[in-house]
Each structure stands twice: as C-alpha cells, then as structure tokens.
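> Below is the structure I would like to discuss, written out as structure tokens.
Values quoted throughout were computed directly from the atomic coordinates according to the rules given, and no laboratory measurement underlies them. Because the structure is predicted, anything quoted here is derived from the model rather than measured. Every residue, glycine among them, receives a Cβ derived from its backbone with ideal geometry; neighbour counts consider all protein chains shown.
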Amino acid sequence: MSGSAVLEATGVTLRYGAVVAVDAVDIAVAPGVLHGVIGPNGAGKSSFMDALSGRRRLSAGKVLLGGEDITRKKVAWRRTHGMARSFQRTSVFNSMTVRTQLEMVARRNREEDLDSIIAAFALEAYLDQPCSAISYGLQRSVDIAMALIGKPHVVLLDEPGAGLSQEESVRMMDHIRALCTERDVAAVLVEHDVDGVFRVCDEITVLSLGKVLASGKPAEVRADPVVIEAYLGSQA
Amino acid sequence: MSSVPTAVQTDDPTVVPKPDDGGRGMLDSRVSVGLQRRVVLRGLIVAAVVLVAGLFVPDLITSSYYMGVAADGVVLGIMAIGIGFLANRSGLISLGHTAFYGGSAYGLAIATTHWGWSPTSAALFAIVGGTLLAVAIGALVIRSTGFGFLMLTLAFGQALYAVSTLTSVRSVTGAFDGISVTYPSDSTTFLGLSQADLGQPDTFWPLAWICLVVVAFALWLVGRSRFGVTLEAIRENEERARFSGYNTYLPRLGAFAISGACASIAGVLFALKASYVSPDVLGFQLAGDSLIATIVGGFTILIGPAIGAVLYIYAQGKFGDTGNLELYMGLALIVAVIFLPGGVTGWVVEQLRRLRTLTAGRKEARRS
Amino acid sequence: MNLAQVLNGLALGALLMILSSGLALIYGLRGVMNFSHGALYMLGAYFAYEATNQGLSFWLALIVAPLGLAIVGAALELGFFRRLQRRSHIEVGLVTFGIALVINRVIVLIWGDDTHPVSAPKAVDGTTNVFGTDYPTYRLLIIVVALAMAAALVLWLRNSRVGLHIRAASHDTETSGILGINVDRVSLVVVCLGGALAGLAGTLAAPYFAVSPGMGQSILITVLIVVVVGGIGSVGGAMAAALLLGLVQIMGNVWLPSAAVLVPYALLIVVLLWRPTGIAGKRV
C-alpha cells in the first residue's frame with residue numbers, strides 16, 4: 001500500500017502472559033477500501049481488532065490514523081477523531097430507543113445527515129422502540145449504524161454477520177460493501193464467513209496463530225499455495 | 001455490570017416526548033434528545049403547582065407529631081432522592097452519602113457555632129463544602145462499580161465518622177458529644193426564620209418542602225437533559241459509550257457530585273432543624289437506613305425514595321422505642337428487593353398502568 | 001512495640017482471617033458480598049455463650065457453634081442465594097443486608113441487650129511464657145487455631161476434589177456447569193463452610209471480647225475492608241490482608257493511639273490507589 005492509506009498499523013503485537021495472540025501484524029487500508037481479515041478460530045482476529053481499536057493496549061507496534069500516531073490514544077478520542085468500530089457480540093444501549101441512541105451518537109460525532117444512515121439500514125419503522133425490544137438482526141444493524149455515524153475515516157467491523165442467518169449475513173456484507181464505497185470509508189472487516197469476505201473485500205489478510213499468513217488482493221490470496229494448504233484447502 | 005436498575009426509567013407518563021409532526025420530519029434529530037421547551041414548561045408548571053399545594057400541608061396535618069414526621073421525612077427524602085438518582089441513572093449503589101449529609105451538617109454547626117458565621121452563609125458554605133467533598137471522594141471511587149463501589153463509599157463514610165469521633169478533634173466536633181448549634185446572636189435568622197422557628201415542624205416545613213420540590217425538579221431536568229441521556233448510555237453499556245466517543249469518567253463523576261449535593265442540602269436542613277449535630281449523622285446506621293428507605297420507596301421513580309424516607313421516619317416513630325425498627329427494616333428490605341423490584345412506588349405505578357390498560361381494553365371492547 | 005503487642009496484632013488478624021476467608025469464598029462462588037457475615041459471626045458467639053451456659057465445655061462449643069452456623073448457612077443458600085441466583089449480585093447483597101438486620105434483632109430478642117462474658121477453659125486461661133514475655137494462653141490458642149484452619153483450608157482447596165470444583169466454579173460458573181460440576185451443590189458446601197467459619201470466629205472471639213449486640217456490625221466493616229484490600233474473592237489475598245490489617249492496626253494503636261481507628265480506612269485507600277484490584281489482584 002502507498003502513503004494514501006488512512007489506517008496504517010505496523011508490528012501490532014498483543015501478548016497475554018506467555019501467549020502471543022497477535023504477532024507483529026502489519027495492515028494498511030486506504031479510503032473506500034474494504035479489507036477483510038480471515039483466519040481459523042484462535043487465529044487472533046478479534047484480538048487484532050481489539051488492538052487496532054484501542055480496546056487492548058499493544059504489547060508492541062504502532063497504529064497510525066491519517067498519519068498520526070494514535071497507539072496510546074483512548075477509545076473515546078479515537079472515536080471523535082475518525083475511528084469507529086462495531087462489536088462481535090452486539091453492543092447497543094438496550095434500555096434506550098433506537099432514535100435516542102442514534103441521535104446521541106450523532107450529536108457527539110457531529111453527524112449532519114443521520115437520516116441517510118437510518119435509511120441505509122432501514123430502521124425508520126423501529127425508531128421509537130427500545131433496543132431490547134427489536135430483533136437480533138436489527139440490533140446488529142443499530143450497532144453497525146452507530147459505527148458509521150459521524151463519517152469516520154476508518155471503521156472496524158468485528159464479525160458483522162455473527163448470529164445472522166445465511167441470507168441476512170449475505171445482505172449485510174453487500175450492504176457494508178456499498179456503504180464503504182459510497183461513504184469513502186476505510187473498513188477492516190473480521191469475518192468467519194470466508195466466501196463472503198472473498199466476494200466483497202478489496203484486500204484480504206489471512207491470520208494464523210496470530211501471524212500474517214498471506215495478504216493481498218482476493219485473487220492473489222486465493223491462489224497462494226500456503227493459504228490453500230493451511231486454511232482454504234480444507235474448505236474449498 | 002451487575003447492578004440494580006433492570007427496570008426501565010419510568011418518568012412521568014405525561015411528559016413522554018411525542019414526535020412533533022408540525023412540519024418536521026419523523027427523523028428530525030431535535031425531537032427526542034435533550035430538553036424541549038414545551039416539556040420543560042409543563043414540568044415547571046407541575047412543579048409550581050405541587051410546590052404551592054405542599055405549602056398548605058401544615059393546615060391539613062394538625063398534629064404536631066405527624067407534622068414532625070412529615071418534616072423529618074422530607075429532609076431525609078432529599079438525601080434519599082439523591083441516592084436514588086445515582087442508583088437509577090448510573091446504576092451505582094452508595095452506602096456513603098452520610099459523608100456529605102453529615103459533612104455538611106457539621107459544616108453548618110462548626111461555621112455558626114465556632115466561627116460565628118450567620119446561618120445563611122454557613123448553610124451556603126456547608127452545601128458547597130459537602131458537594132466538593134463529593135467531587136473529591138467521587139474522583140477516587142467512581143471508577144469502581146457494583147460491590148467495589150458500595151464498599152468504597154461505605155469505607156469513606158465510615159472513615160469520616162471515625163474522624164468526627166477522634167478525641168484529638170474534640171474541640172471542633174465535640175467528638176461523641178456532638179455540637180449544639182449556636183447562632184452568633186439570638187436575633188440572627190435563616191431566611192427570616194429564627195432558630196426557634198426552624199425547630200418547629202410547621203414553621204420549618206415551607207423551607208424543607210421548597211427544597212424538596214426544587215431538588216426534585218432539578219434532578220428531573222438533569223435526567224431529561226442530554227447529560228441524563230449520556231448517563232443512561234453509560235449505565236447501559238459503558239464500553240459502547242466510550243466507543244461512541246464519550247469520556248465516561250466525568251459524567252459519572254458529575255452524577256455522583258449531583259447526588260452528593262442533594263445529601264449536602266439534606267444535611268444542612270437537618271442541622272438547621274435539629275440545632276444539634278452528633279456523629280450519628282455520619283454513622284453506619286444512617287447510611288444503611290437511608291439506602292433502605294431509597295430502595296423500599298423505589299428509585300425507578302424520581303420521588304420514590306422521598307416517599308420511602310417518609311415511611312421510614314413514620315416507622316422510626318412507631319417502632320424505634322421498642323427496638324424492633326431494625327427487624328422491620330430488614331424484612332422490608334428483603335421483601336422489597338425480592339418481590340417489588342421498583343419499590344413501593346414502582347409497584348403502585350405498575351398497578352395503575354395495569355388498571356389503565358384494563359379499562360382501555362374494556363372501552364375498546366364496548367365500542368366494537 | 002513489644003512482642004505482646006505483635007501477638008495481639010496476630011490474634012486480631014487471625015480472627016479476621018477466619019472471617020474474611022469465608023466471606024471471600026462465598027463471593028468467589030456466588031459473586032455476592034454477604035453483608036450478613038458479621039451477624040453470623042455474632043450468632044456464633046451467642047451460640048458459644050448459650051452452649052457454655054448450658055453446661056457444655058468450651059471445647060464442645062467450639063464444635064457445636066460452627067455446626068449450628070453451618071446449618072444457618074445452608075438455610076441462607078437454599079432460601080436465598082439459590083433462589084436469587086438469576087438476580088443481579090448487588091440485589092442479593094442487599095438482601096443479605098436485610099438478613100443481617102433481622103438476625104441482629106432476633107439475637108437481642110432472645111438474649112437481651114446486655115454484654116455477657118464467656119470464660120475461657122481452665123487449661124488455656126493462664127499465661128504462657130513466649131520468649132520471655134508472659135502472654136495470655138487463650139490468645140495464643142486463637143492464633144494457633146486460625147493458622148491451622150488457614151493451612152487446612154488452603155490444602156483442602158488445592159488438593160481435594162471438592163476444592164477443585166470450588167476453584168473451577170469460582171473461576172467460571174457457567175463453564176463449570178457445562179463440564180458437569182454441580183454448581184448448586186458446590187455452592188451449598190461453600191456457604192455452609194463460610195457460615196461455619198464465621199461461627200468458629202465468633203466462638204473464638206467470645207472469651208476474648210465478650211459477647212454483645214453490635215459486635216457483628218463493628219467487625220463487618222473491618223472484614224469488608226480486608227476482603228477489598230485482599231482482592232475481592234481471593235481467599236489467599238483475604239488471609240494475607242487480614243494478618244496485615246491486624247498488625248497495622250496494633251501498630252497504629254501503639255504509635256498513633258489518637259488516630260488508630262482510621263487505620264483500616266487509611267490502609268484501604270492506600271492499597272486501592274496503589275493497586276485498584278487489591279493485593280491478589282482479582283477484578284473488583
């Protein structure tokens with residue numbers, strides 16, 4: 001990747017005691033690019049997400065947002081300065097109505113055009129219901145909608161398809177693809193659904209045991225013999 | 001986090017924001033968040049009516065004993081709604097509000113008796129001092145939640161109690177003997193009330209009642225404001241609030257300070273009325289009892305704790321002499337927590353709501 | 001500070017150790033801070049008083065009172081903890097707060113408001129010469145019993161099958177249930193044991209402090225502080241913190257008698273500022 005990357009992380013390492021969950025991973029994502037991160041269970045995908053988003057402190061490495069070193073910045077600062085994330089286990093404000101929470105996040109992150117986000121996720125009909133009363137799929141939509149509020153430069157999506165049906169998951173991935181291009185966001189997408197990632201992502205990183213196994217365009221990654229042997233081989 | 005408020009905040013049902021369709025779209029972002037002028041105005045009118053109506057209570061209650069119960073209940077109630085506000089808005093259960101209640105009571109007593117201040121400036125000093133104490137203690141304890149928070153607040157409250165009883169500060173606090181509040185001269189008044197007036201329930205009543213209504217209205221405003229929404233978000237999901245760009249420490253500290261300010265106001269009123277302050281105002285007993293009053297009254301409704309406080313003062317008069325108060329308090333707490341999650345007031349509101357849907361259903365059936 | 005004072009500190013620390021390890025065990029498993037622990041301790045002391053009053057020997061009371069409290073513990077587990085396990089922990093904690101008030105009052109209704117002395121058995125009523133200092137034998141007994149109990153408890157938790165289940169269930173209740181550990185049964189054992197330990201501490205304390213209403217509440221706050229300082233839910237941390245607090249308290253009495261009552265609070269605040277999760281470092 002060139003200097004046009006808005007998110008750039010180098011040597012990202014996370015250790016829990018003696019276990020190295022993420023081992024010197026590099027990533028660079030340019031605006032409008034959807035970058036998929038795949039890997040078998042325990043490959044360190046979620047840990048990598050936590051490292052990038054500031055949920056966990058890095059043991060080593062650097063994270064740059066628009067060229068600025070944000071490795072030591074708190075998550076609230078990151079959010080208001082252009083880095084947002086969604087969660088694998090849906091994370092919304094249960095007691096609050098959909099409207100209240102979206103508006104609250106919109107005000108905090110200076111979003112002018114909340115209506116278009118609400119429309120993009122077709123949440124109009126559920127605005128006045130508390131989040132605890134809507135379906136799981138809709139809660140996922142609220143979660144991801146909240147991450148897109150305020151035109152962040154970088155969005156980190158942790159398994160947006162988790163817990164959704166195959167059909168819902170496909171629709172969600174297509175949707176994210178479209179929004180990413182439309183809003184010119186650099187998105188990192190951690191996903192279990194390998195086919196989905198190959199279908200929608202511009203670039204793919206394959207993690208295994210915390211290390212980068214391969215990284216590049218979907219076609220290159222798919223053709224990579226190491227990947228085929230270690231990971232895709234069993235699924236293809 | 002594992003905290004109490006499982007029940008959704010049930011504000012006055014008349015002020016639920018209805019989407020205003022007068023020319024604005026349904027997605028208008030100004031509709032539900034923050035304070036709308038119309039809602040505030042309606043709340044202000046309700047508060048004013050309640051305030052004026054309450055001033056006639058001494059005309060209704062002729063027994064000076066029951067007037068005393070009402071006045072003491074309102075004073076404790078101001079502290080209780082502060083504790084309830086914190087519990088409801090931040091999900092934090094405090095056993096340490098006696099630090100601010102007792103701290104400000106001592107503040108008033110010391111400033112008038114030892115420094116010769118007028119009761120008015122002493123009261124101001126005590127309320128500001130109690131609130132600053134809440135900020136200082138809050139800064140240390142507000143990061144913890146659940147039992148950690150409960151025990152830290154308890155420890156700070158009890159530490160203050162221990163300080164007040166030290167013989168080395170006897171000249172200031174009077175240790176276990178306490179302080180008899182003495183005004184600089186017999187003619188000094190507090191907002192026109194002499195020390196004797198303040199000691200009489202019916203003349204003291206307007207002061208306590210106005211404070212209660214003003215505090216309750218202020219808390220209602222805070223709860224409905226953007227700040228209140230932020231607090232709710234932090235209570236519901238602290239991590240997501242941070243990942244939505246909110247610093248979660250300062251709002252929680254703010255809620256704690258507001259709640260501590262309520263306790264400080266109550267402490268000053270107590271000292272004004274009783275004209276005597278002893279370590280009991282910082283004691284574990286009061287810490288526990290005010291929390292029980294808050295929970296039994298029910299803190300999902302703003303004024304629930306105040307009603308719990310009045311019930312408590314009534315029970316104290318009835319069972320305090322036989323010593324069985326503790327027994328009944330314990331039983332009430334157990335029953336309230338297990339069977340009445342919203343306390344007494346929460347239960348009443350729930351029954352009213354059920355009745356309303358029932359009658360509405362019947363009307364519907366008759367029509368069709 | 002002389003040896004007698006150090007031993008006094010150890011004796012106080014020993015009592016706190018017995019009490020706080022029971023409290024920490026219950027917290028570890030049920031996630032509930034048991035505010036009735038002080039009341040259970042007081043009940044243990046009154047059981048011991050009643051037993052010796054009925055002509056039983058103190059040694060027998062040392063067995064009977066903990067057994068009685070184990071039964072009370074079982075009642076608490078079956079009547080409250082088990083029924084309320086789906087409720088938030090702090091709600092259950094508040095219920096135990098109510099239980100404490102009820103027990104406190106029931107004790108007064110049965111045994112009255114007065115302070116009752118309980119005499120130590122003849123064999124340990126005198127003094128023993130410890131490195132040239134004459135020291136009350138009974139207090140040495142407290143220290144010995146507490147240390148023996150602590151060692152036994154740690155060994156039991158480490159090596160027995162039940163101990164393994166307790167540690168597993170405290171670590172992750174849900175997974176342990178899936179793995180076939182009967183969490184309810186483990187919890188019954190733990191709460192009974194916690195009650196029995198409180199009873200043991202109460203019995204040991206009876207000849208030391210005499211029994212009186214209010215003894216439960218005053219020690220409860222100290223024990224809560226011990227458990228927080230030790231790291232909530234950690235038995236080892238609680239034991240270490242109990243001994244530390246006992247010694248620091250006595251040092252305070254000697255060097256700073258005017259402010260010694262503040263010592264536990266000061267210790268709590270210092271430890272929490274230095275290490276917010278307590279000595280053993282479990283999450284608060």
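> Along the positive direction of the dipole of the protein assembly as shown (beta-carbon charges: Lys, Arg +1; Asp, Glu -1; about the Cα centre), which of A:Ala51, B:Gly77, C:Ser88 reaches farthest?
Farthest along the dipole direction, towards plus: A:Ala51.
> Ok, one more. Rg and Dmax of the protein assembly as shown, Cα atoms, in Å?
30.7, 98
> Measure of size requested: the Rg and Dmax of segment A:134-196, with Cα atoms as the atom set and Å as the unit; please supply both.
11.2, 30
> Something else: Could you tally the net charge around B:Gly317, taking each other residue with its Cβ under 14 Å from the Cβ of B:Gly317, Lys/Arg +1 and Asp/Glu -1?
Computed value for this residue: -2.
> Which cross-chain or sequence-distant (5 or more) residues have an amide H under 5 Å from the amide H of C:Thr128, H modelled 1.01 Å from N in plane?
C:Tyr135, C:Thr137
> Ok, one more. For peptide C:80-86, how many partner chain Cβ atoms fall within 10 Å of a residue's Cβ, on average?
Across the residues of C:80-86, the mean count of other-chain Cβ atoms within 10 Å is 1.
> Could I ask something else about it? Name the residues whose placed amide hydrogens come within less than 5 Å of the amide hydrogen of B:Thr182, ignoring near sequence neighbours (fewer than 5 apart) on the same chain.
Long-range HN contacts for B:Thr182: B:Thr113.
> Okay, moving on. So what J values fall out for segment C:245-250 if you push phi through Karplus, 6.51 cos²θ - 1.76 cosθ + 1.60 with θ = phi - 60°, rounded to Hz, Gly and Pro as x?
For segment C:245-250, the Karplus-derived couplings read 5, x, 5, 5, 4, 5 Hz, x marking Gly and Pro.
> List the relative contact order of chain C as a percent without decimals, with contacts defined as Cα pairs under 8 Å and 6+ residues apart.
That works out to 37 percent.
> Let me ask you something else. What shape does segment C:60-183 take by its C-alpha gyration tensor, where a ≥ b ≥ c are the square roots of the eigenvalues and a/c under 1.5 counts as rounded, a/b above b/c as prolate, and the rest as oblate?
Because a/c hits 1.5 or more and a/b fails to exceed b/c, segment C:60-183 counts as oblate.
> In addition: Residues with amide H under 5 Å of A:Lys211's amide H, sequence separation 5 or more or different chain, H placed in the peptide plane at 1.01 Å from N; which?
A:Asp23
> Applying a 10 Å radius around every beta-carbon, put C:188-196, C:160-168 in order of their mean neighbour count, most first.
Result, highest mean first: C:188-196, C:160-168.
> Something else: Cut-off is 10 Å between beta-carbons; in what order do A:Glu111, A:Glu191, B:Glu238 appear when sorted fewest neighbours first?
B:Glu238, A:Glu111, A:Glu191
> If you count, for every residue in B:335-343, the Cβ atoms of partner chains within 10 Å of its Cβ, what is the mean?
For this peptide, the per-residue mean of nearby foreign Cβ atoms is 3.
> Under a Cβ-Cβ cut-off of 13 Å, what is the net charge of the residues other than C:Val95 that fall near it, where Lys and Arg count +1 and Asp and Glu count -1?
Here the charged neighbours net out to +2.
> Which net charge results when you count Lys and Arg as +1 and Asp and Glu as -1 among the other residues whose beta-carbon is under 13 Å from that of B:Ala196?
Neighbour charge sum, excluding B:Ala196 itself: -2.
> Give the span of chain B's Cα atoms along each principal axis, as three whole-Å numbers ordered largest to smallest.
Dimensions of chain B along the principal axes of its Cα atoms: 73, 51, 43 Å.
> Can you give the average number of partner chain beta-carbon atoms within 10 Å of each beta-carbon in peptide B:173-180, as a whole number?
Per residue, the average neighbour count from other chains is 0.
> Based on alpha-carbon centroids, what's the gap between segment B:38-84 and segment A:65-94 in Å, whole number please?
After rounding, the separation between the Cα centres reads 46 Å.
> For chain A, what is the relative contact order in percent, using Cα pairs closer than 8 Å and at least 6 residues apart in sequence?
It comes to 27 percent, rounded to a whole number.
> Using the Kirkwood formula over every pair of different C-alpha atoms, what hydrodynamic radius in Å results for segment C:193-284?
14.0
> May I ask you to sort A:Lys211, A:Lys217 by Cβ crowding, counting other Cβ atoms within 10 Å and putting the fewest first?
Final ranking by Cβ density, sparse to dense: A:Lys217, A:Lys211.
> Still on this structure, I have one more. Across the protein assembly as shown, how many lysine pairs, 8 or more apart or on two chains, come within less than 22 Å at their alpha-carbon atoms?
11
> May I ask for log10 I(q)/I(0) of segment B:238-294 at q = 0.14, 0.24 Å⁻¹, from a Debye sum over the Cα atoms as equal point scatterers with solvent left out?
Here log10 of I(q) over I(0) equals -0.57, -1.00.
> Continuing with the same structure: Sort B:Trp115, B:Trp205, C:Trp274 by Cβ crowding within 10 Å, fewest neighbours at the top.
Lowest count first: C:Trp274, B:Trp115, B:Trp205.
> Still on this model: Can you give the translational diffusion coefficient of segment A:1-77 in µm²/s, computed by Stokes-Einstein from the Kirkwood radius over Cα pairs at 37 °C and 0.692 mPa s?
Calculated translational D: 256 µm²/s.
> Hey, what number do you get for the protein assembly as shown at 222 nm if only DSSP H runs of n ≥ 4 count, each worth -39500 (n - 2.57), divided across all residues, to the nearest 500?
So the helix-based figure for the protein assembly as shown works out to -20000 deg cm²/dmol.
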